[in-house]
Amino acid sequence: MSQARRATWLIVALTAALVVLAVLAASIGAFEVPAGQVVGAVLRRLHLPIGAKPDHLTDQVLWNVRFPRVTLAILVGACLGCAGALMQGIFSNPLAEPGIVGVSAGAAVGAILAIFAGAAGFGAYSISGPAFVGGLVTVLVVYGVSRSGGRTEVVTLILAGIAINAIAGAAIGLMSYFSTDSQLRGITFWNLGSVSAATWPAVGAVAPFAAIGLLAAPRFARQLDVLSLGEQPARHLGVNVERLRLKVIVAVALLAAAAVAVAGAISFIGLIVPHLIRMITGPGHRVLLPASALGGAVLLTGADLACRTVAAPAEIPLGALTALIGGPFFFWLLLRTRARQGGWA
């Protein structure tokens, strides 16, 4: 099968998987809803009287509880998947990911600082705004530290991420120690990561950031493909490398802030998904970026469904589950990359 055909089938398969998972996630729970009624509820809101008509209680459960949560999981997963693909492309290494290099931690510090300062009551954007600033500052610091001799050092990138995560963890710990009980509950939410508190206002708060980042990402595809040849060849082919990096960094900060501001720190989605997509379609960013967004949405929607059902009636924190999945994958990727490069020295 040709690469173009594989890419087409992958996009179709991911889209179909996302639709099926979204229906299942809206259907399964403490209040069971038949899949036909889930589809019927959506179609009837679109003025298409097709499918089973849900009763009033079912309709309220779907539109006030299930659909906001599913929509938020899709948006957060898409943001994290696309942000990971962008970071790996702009840093030209397979280990870059918003969580590993500290971008998610920086955005979490910004969001938690807003909670600690009592600014959370001024609207949804009072959290997403500081989260964006925290994520942007973090990625700029990591980028600046990891640059040496005109290139990005993989080991320095990881070490800088470890340092940023340590500093962010200390800051979050101090704010937790001096916070009130109500503030502590909010801070705990950010540390664990979850979309359980999803509402339509929360979806509305994340949607503009997600839309800007996701719509801007494909515009960088051709330049990122050229940059994969190396910085000097990219400059000779007309790519303004530093301007491209700045634009991509802002896009990554938007996407990471959008995810962290409503769901807390969820790691490894941006690491796992782009690699799985790259194994199927190759490194071309024209397919990699949208497919990573779809793959991230599929993975996080499925993970959230598992969090709600595996230990029901209890709920597993979403960030903990993704870390359990992503940790072993990162170990494998680290060893594989080291073996291919002949060691880090």
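The values are calculated or read from the model by the stated rules, or taken from the named source; none is laboratory data. Predicted model only: the values in this text are computed from it and were never measured. Virtual Cβ from ideal backbone geometry, glycine too; neighbours counted across all protein chains shown.
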Among the candidates Gln88, Gln60, residue that is surrounded by fewer than 17 Cβ atoms within 10 Å (Cβ to Cβ) and either in contact with a helix residue (DSSP H, G or I) (Cβ under 7 Å, 6 or more places away or on another chain) or polar (S, T, N, Q) (or both): Gln60
Selection count where residues are surrounded by fewer than 20 Cβ atoms within 10 Å (Cβ to Cβ) and of a type in the set (Ser, Thr, Tyr), scope segment 232-270: 0
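A quick yes/no check of all residues on (1) more than 30 Å from Ala257 (Cβ to Cβ); (2) assigned to a helix (DSSP H, G or I); (3) touching a Ser or Thr at 6+ places or on another chain (Cβ under 7 Å):
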position	(1), (2), (3)
Leu24	no, yes, no
Ala41	yes, yes, no
Pro49	yes, no, no
Ala52	yes, no, no
Leu57	yes, yes, no
Thr71	no, yes, no
Gly81	no, yes, yes
Gln88	no, yes, no
Ala96	no, no, no
Yes/no for Arg219 being modelled with pLDDT of 90 or more and not β-branched (Val, Ile, Thr): yes
Residue match in segment 158-169 (condition: surrounded by 18 or more Cβ atoms within 10 Å (Cβ to Cβ) and on the phi > 0 side of the Ramachandran plot): no
Subset of segment 223-248 that is free of Cβ contacts under 8 Å to residues at least 12 places away in the same chain and not in a loop (DSSP other than H, G, I, E, B) - its residue that is farthest from the chain's Cα centre (by Cα): His236
